[in-house]
Amino acid sequence: MNIQNYINGNFQNPIDDQWLDNFNPANGEVYGQIPNSSSKDVEQAYQSAKSAFKQWSQTSLEERSRILIKISELLEDNLQRFAEAESKDNGKPVSLAKSVDIPRAASNFRFFGNAITQFSSESHESVGQQAINYTLRQPIGVVGCISPWNLPLYLFTWKIAPALAAGNCVVAKPSEVTPVTAYLLGDICNEAGLPKGVLNIVHGLGVSTGQAIIEHPDIKAISFTGGTATGAHIAKTAAPMFKKLSLELGGKNPNIIFADCDYEDMLNTTVRSSFANQGQICLCGSRIFVERTIYEQFKVDFVAKVKQLNVGHPSEAHTNIGALVSKPHLEKVKDYINIAKEESGTVLCGGNEVVVEGYENGYYLEPTVIEVSTDECRVNQEEIFGPVVTMMPFDTEDDVLLMANKVKYGLSATLWTNNLKRTMHMSQQLQAGIVWVNTWMMRDLRTPFGGVKASGVGREGGFEALRFFTEPKNVCIKY
Ligand code: TXE
């Protein structure tokens, strides 16, 4: 499938006619070409967004809301087609794309379509001075949204929907590794009646297309999800132009298990929080810490369950773990398994590539559990972003808190306990933007989402996202 840029409501080839191969991770074959857009394409997308801005920013909230909800409905109508496209592009099981990725992309549009009708700003009466202040929340103008490959349409729309709801026009770039569902979204936007130029989607490499977006002097805000190194580069580039930035970056999240938890629930959820989406979710609990009194039992039970996971072709109904997203990523994850062995970690299960019959060149890897003897080893400190978890025992609350916080990241943490005092204490002390207690990845779209430390700056979700995509202006009236 060949794809094109979506600019001013039309599909078009890149101006310089530069193209990239798009791979199917399930069989390693090239199945299409995608534009590698240059700054010329980004400029055209910007001009189209700029021309559309005046009218879109003046469009009533009811009308914006109606269009966003229509996009959501059309995504739902096309669930099967989008789920299959996402799976083919990314390697994730179709069942996962159908139950999580595409429904969530639809929810993003519905949620922000509704949220904008409830969004309001503050007013401050200056008592005794006969003045009133009120805050205008105005759209920024043209904003840039750049998203990664792990949850392609899910994260792409998580940025675009609030940006559009707040009255901005958008230049967006999905990951060059998984661009297809973003391409398909263009048609849906046209069908829903989104005016031309309000959303523009340009495809290409980070260093060419992405770089042109972040360098563009008139794209006033950048919402980015991706690797921490890229986030740092974007911050450096954008800071001298005083762009507004929201950066959602990597994670190395602790999953802390106390003996007093609901064991079965914890065990089943821990399998999911370790290996969902082939472990390629920034929220995965990739460092498992288990209270020593149940450590040996957990080790036996967890490994037994992990061994039952089926690695297979993404479209097979019995597949739990599909293909990793790309060959270079597979190599990176394998390198970490070798590093673990060199660091004297013990591979309790997995660790090898899987050959799936009929798809011998696909990027399949066994779910891998590594027992580590110290929390300071590289596999316990660096983001692997694949189907690999580490585990080790702990003795006290203080010990595990220290280890949990002793990484450069701070995105999420999971805590399994029925002790209320401990829950309150640990939730306050964990250095993370999100703490889940007795659950994992339970999402309410109204809540603030994002991380601390090297996991990024800013929060997405709910009114936080609408605040990010608007500029507050104070108006003071003396009467
Ligand atoms: O991400 P990149 P990569 C982590 C994970 C992974 C690592 C690298 O550990 O192994 O990051 O992944 C665009 N200007 N996460 O290399 O490069 C790029 O085109 C503007 C965590 O795939 O950060 C893509 O659209 N844009 C993560 C997006 O940035 C640039 C999800 C993300 O790609 C750019 C994915 C530039 N100079 C990976 N360079 C999470 N937090 O969920 C790249 N891009």
Could you name every one of the strands (runs of 3 or more DSSP E) located completely within segment 212-260 that has at least 1 residues being at pLDDT below 95 and closer than 27 Å to residue 280 by Cα?
none
Go through 65, 95 for me and flag whichever is among the polar types (S, T, N, Q), over 30 Å from residue 216 (Cα atoms), in contact with a Ser or Thr (Cβ under 9 Å, 6 or more places away or on another chain) and in a helix (DSSP H, G or I).
95
Need pairs with beta-carbon distance below 6 Å; first residue touching a residue at least 12 places away in the same chain (Cβ under 8 Å) and more than 16 Å from residue 409 (Cβ to Cβ) and within segment 222-239, second more than 7 Å from the ligand (Cβ to nearest atom) and basic (Lys, Arg); sequence gap 6+ or separate chains.
222/243; 223/159
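Would you call residue 271 surrounded by 24 or more Cβ atoms within 10 Å (Cβ to Cβ) and more than 11 Å from the ligand (Cβ to nearest atom)? Quick ask: steps written out before the conclusion?
Numbers: surrounded by 24 or more Cβ atoms within 10 Å (Cβ to Cβ): no; more than 11 Å from the ligand (Cβ to nearest atom): yes.
It is false that residue 271 is surrounded by 24 or more Cβ atoms within 10 Å (Cβ to Cβ) and more than 11 Å from the ligand (Cβ to nearest atom).
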Residues (buried (at least 17 other Cβ atoms within 10 Å of the Cβ) and either away from the ligand (no atom under 16 Å from the Cβ) or more than 18 Å from the chain's Cα centre (by Cα) (or both)) located in segment 236-258:
238, 243, 254, 255, 256, 257, 258
Has segment 388-399 got any residue that is among the hydroxyl-bearing types (Ser, Thr, Tyr), within 16 Å of the ligand (Cβ to nearest atom) and in contact with a Cys (Cβ under 9 Å, 6 or more places away or on another chain)?
yes
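Output the number of residues of segment 339-359 satisfying the condition of being part of a helix (DSSP H, G or I) and more than 12 Å from residue 384 (Cβ to Cβ). So that I can check it myself, show each step before the final result.
We begin by selecting, within segment 339-359, every residue part of a helix (DSSP H, G or I); these are 339-342.
When the remaining residues are screened for being more than 12 Å from residue 384 (Cβ to Cβ), the result is 341-342.
Here the count works out to 2.
Identify, from the list 191, 215, the residue that is surrounded by fewer than 21 Cβ atoms within 10 Å (Cβ to Cβ) and within 11 Å of the ligand (Cβ to nearest atom). Reasoning before the result, please.
Numbers: 191 fails: within 11 Å of the ligand (Cβ to nearest atom).
Result: 215 is the single residue among 191, 215 that is surrounded by fewer than 21 Cβ atoms within 10 Å (Cβ to Cβ) and within 11 Å of the ligand (Cβ to nearest atom).
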Residues that are more than 28 Å from residue 275 (Cα to Cα), of a type in the set (Gly, Ala, Ser) and either without any contact (Cβ under 8 Å) to a residue 12 or more places away in the chain or not in a helix (DSSP H, G or I) (or both): does segment 133-150 have at least one?
yes
Please work out if residue 128 is within 19 Å of residue 196 (Cα to Cα), of a type outside the set (Asp, Glu) and surrounded by fewer than 19 Cβ atoms within 10 Å (Cβ to Cβ).
no
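Is segment 116-127 home to any residue that is of a type in the set (Val, Ile, Thr), in contact (Cβ under 8 Å) with a residue 12 or more places away in the chain and within 15 Å of residue 68 (Cβ to Cβ)?
From segment 116-127, those of a type in the set (Val, Ile, Thr) are 116-117, 127; that's our starting set.
Cutting the leftovers down to in contact (Cβ under 8 Å) with a residue 12 or more places away in the chain gives us 116-117.
Adding the requirement that they be within 15 Å of residue 68 (Cβ to Cβ) leaves 116-117.
Among the residues of segment 116-127, at least one is of a type in the set (Val, Ile, Thr), in contact (Cβ under 8 Å) with a residue 12 or more places away in the chain and within 15 Å of residue 68 (Cβ to Cβ), which makes the answer yes.
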Heads up, the strands (runs of 3 or more DSSP E) in segment 360-438 (entirely inside) with at least 2 residues that are within 22 Å of the chain's Cα centre (by Cα) and among the hydroxyl-bearing types (Ser, Thr, Tyr) are 412-416
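In the list 333, 356, 347, which residue meets the criterion of being within 22 Å of residue 276 (Cα to Cα), in contact with a His (Cβ under 7 Å, 6 or more places away or on another chain) and either among the aromatic types (Phe, Trp, Tyr) or surrounded by 13 or more Cβ atoms within 10 Å (Cβ to Cβ) (or both)?
Numbers: 333 fails: in contact with a His (Cβ under 7 Å, 6 or more places away or on another chain); 347 fails: in contact with a His (Cβ under 7 Å, 6 or more places away or on another chain).
Step by step, each of 333, 356, 347 is checked, and only 356 is within 22 Å of residue 276 (Cα to Cα), in contact with a His (Cβ under 7 Å, 6 or more places away or on another chain) and either among the aromatic types (Phe, Trp, Tyr) or surrounded by 13 or more Cβ atoms within 10 Å (Cβ to Cβ) (or both).
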Reported set for segment 321-330 where residues are part of a loop (DSSP other than H, G, I, E, B) and surrounded by fewer than 21 Cβ atoms within 10 Å (Cβ to Cβ) is 326
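Does segment 411-421 include one or more residues that are surrounded by fewer than 17 Cβ atoms within 10 Å (Cβ to Cβ), in contact (Cβ under 8 Å) with a residue 60 or more places away in the chain and more than 25 Å from residue 109 (Cα to Cα)?
Here is the first cut: in segment 411-421, the ones surrounded by fewer than 17 Cβ atoms within 10 Å (Cβ to Cβ) are 418-421.
Narrowing further to those that are in contact (Cβ under 8 Å) with a residue 60 or more places away in the chain: 418-419.
Now narrow it down to the ones that are more than 25 Å from residue 109 (Cα to Cα): 418-419.
So far as segment 411-421 goes, yes, one or more of its residues are surrounded by fewer than 17 Cβ atoms within 10 Å (Cβ to Cβ), in contact (Cβ under 8 Å) with a residue 60 or more places away in the chain and more than 25 Å from residue 109 (Cα to Cα).
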Scanning segment 201-211 for residues that are under 25 Å from residue 55 (Cα atoms) and either away from the ligand (no atom under 15 Å from the Cβ) or assigned to a loop (DSSP other than H, G, I, E, B) (or both) gives 202
Checked against (1) under 30 Å from residue 16 (Cβ atoms); (2) within 16 Å of the ligand (Cβ to nearest atom); (3) charged (D, E, K, R), residue 92 satisfies every condition except (1)
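Filter segment 275-320 for residues that are assigned to a loop (DSSP other than H, G, I, E, B), within 16 Å of the ligand (Cβ to nearest atom) and not small (Gly, Ala, Ser) and give the result.
Taking segment 275-320 first, the residues assigned to a loop (DSSP other than H, G, I, E, B) are 280-286, 308-310, 312-320.
Next cut, within 16 Å of the ligand (Cβ to nearest atom) only: 280-286.
Selection gives 280, 281, 282, 283, 284.
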Which of (1) more than 11 Å from the ligand (Cβ to nearest atom); (2) under 28 Å from residue 92 (Cβ atoms); (3) among the hydrophobic types (A, V, I, L, M, F, W, C) is the odd one out, the single condition residue 224 does not satisfy?
(1)
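Among the residues of segment 159-188, how many are within 13 Å of the ligand (Cβ to nearest atom) and either within 16 Å of residue 105 (Cβ to Cβ) or touching an Asp or Glu at 6+ places or on another chain (Cβ under 6 Å) (or both)? Steps first, please.
Taking segment 159-188 as the starting set, the residues that turn out to be within 13 Å of the ligand (Cβ to nearest atom) are 159, 171-179, 182.
Cutting the leftovers down to either within 16 Å of residue 105 (Cβ to Cβ) or touching an Asp or Glu at 6+ places or on another chain (Cβ under 6 Å) (or both) gives us 159, 172, 174-175, 178-179, 182.
Result for segment 159-188: 7.
The values are calculated or read from the model by the stated rules, or taken from the named source; none is laboratory data. As the structure is a computational prediction, the values presented were derived from the model and not from experiment. Cβ atoms come from the backbone with ideal geometry, glycine included; neighbour counts cover every protein chain shown.
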